[in-house]
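Report on one structure; see the data block that follows.
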Amino acid sequence: MKGKFIIVSAPSGAGKTSIVRRLMQAGLNLEFSVSAASRPPRSNEINGKDYFFISAAEFRDKITNGELLEWQEVYEDQYYGTLKSEVERIWNTDHHVLFDLDVQGGMNLKSMFPDISLSLFIMPPSLEELEKRLRLRSTENEESLRKRLEKAGQEITFSGKFDKIIINDILEDALRQAIQTVSQFLNS
């Protein structure tokens, strides 16, 4: 192993992406691991930057060929996972790997690499606030919003399996806590 893993997980809408972006800017020698996804890109997403967008069939081929470090079928035929080649690419640049993963993926990766990984769970202040944030995004219809909120309730029950829970009520406070926690881990 050449570096460490920083795993950031949260229910959708908890502020995970904002925290990951700021960790990248904090001078911590981190590089973002772009995940593979079999869902179609959202209008603002770029292939190879936000995700490697591939078909469900291609994803299943990568699973069969052992090309993924971890993966999950989050919804039917919607796979997300970490390409081994992406981690190797980052380690070859002498950086630590920063992951933005769903809760199950985060727990899986932490259990596979407990000694070199730090797992952070970004907690929304409440499910009501999470619903407000998801509605403000305007990316969900009522059915998918209901599914995301249901899933969020389930995901929150796993927060205790993470190394650190950060409640994202005030973003600047959550960012400070995340940067301090990651810095201490990388320097230990």
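The values are calculated or read from the model by the stated rules, or taken from the named source; none is laboratory data. Note that the coordinates shown come from a computational prediction; the quantities given were computed from them, not determined experimentally. Cβ placement follows ideal geometry from the backbone for every residue including glycine, while neighbour counts extend to all protein chains displayed.
Scanning segment 17-43 for residues that are at pLDDT below 90 and either of a type in the set (S, T, N, Q) or within 12 Å of the chain's Cα centre (by Cα) (or both) yields THR17, SER43.
Exactly one residue out of SER126, SER119, SER111 is within 19 Å of ALA14 (Cα to Cα), among the hydroxyl-bearing types (Ser, Thr, Tyr) and free of Cβ contacts under 8 Å to residues at least 60 places away in the same chain, and it is SER126. Any chance segment 5-16 includes a residue that's at pLDDT 90 or above and touching a His at 6+ places or on another chain (Cβ under 8 Å)? So far as segment 5-16 goes, yes, one or more of its residues are at pLDDT 90 or above and touching a His at 6+ places or on another chain (Cβ under 8 Å). For segment 139-188, the set of residues classified as without any contact (Cβ under 8 Å) to a residue 12 or more places away in the chain, closer than 25 Å to GLN72 by Cα and over 18 Å from the mean Cα position of the chain (by Cα) consists of GLU140, ASN141, GLU142, GLU143, SER144, ARG146, GLU150, listed by residue number. The residues of segment 35-49 that are touching a Ser or Thr at 6+ places or on another chain (Cβ under 9 Å) and crowded, with 16+ Cβ neighbours inside 10 Å, listed by number, are SER35, ALA36, SER38. Every condition in (1) modelled with pLDDT of 95 or more; (2) over 16 Å from the mean Cα position of the chain (by Cα) is met by PHE121 except one, and the failing one is (2).
Determine, yes or no, whether TYR79 is over 23 Å from ILE19 (Cβ atoms) and not small (Gly, Ala, Ser). It is true that TYR79 is over 23 Å from ILE19 (Cβ atoms) and not small (Gly, Ala, Ser). The residue that is nearest to SER55 (Cα to Cα), among those in segment 16-39 that are touching a residue at least 12 places away in the same chain (Cβ under 8 Å) and charged (D, E, K, R), is ARG39. Just one of the listed residues (LYS132, LYS110) is among the charged types (D, E, K, R) and modelled with pLDDT of 90 or more, namely LYS110. Contact annotation: residue pairs with Cβ atoms under 6 Å, 6 or more positions apart or on different chains, pairing a residue in segment 94-107 that is among the β-branched types (Val, Ile, Thr) with a partner that is modelled with pLDDT of 90 or more and part of a helix (DSSP H, G or I), are VAL97/VAL87; VAL97/ILE90; VAL103/GLU155. Give me a count of the residues in segment 40-65 that are of a type in the set (A, V, I, L, M, F, W, C), assigned to a loop (DSSP other than H, G, I, E, B) and without any contact (Cβ under 8 Å) to a residue 12 or more places away in the chain. Here the count works out to 1. Once segment 14-34 is narrowed to residues that are of a type in the set (D, E, K, R) and either in a helix (DSSP H, G or I) or touching a Cys at 6+ places or on another chain (Cβ under 6 Å) (or both), the residue that is surrounded by the fewest Cβ atoms within 10 Å (Cβ to Cβ) is ARG21.
Considering each residue of segment 128-138, count those that are over 26 Å from GLU45 (Cα atoms) and under 19 Å from the mean Cα position of the chain (by Cα), and give that number. Residues flagged as over 26 Å from GLU45 (Cα atoms) and under 19 Å from the mean Cα position of the chain (by Cα) within segment 128-138 amount to 0.
In segment 60-92, of all residues being in contact with a helix residue (DSSP H, G or I) (Cβ under 8 Å, 6 or more places away or on another chain) and aromatic (Phe, Trp, Tyr), the one that is nearest to ASN108 (Cα to Cα) corresponds to TRP71.
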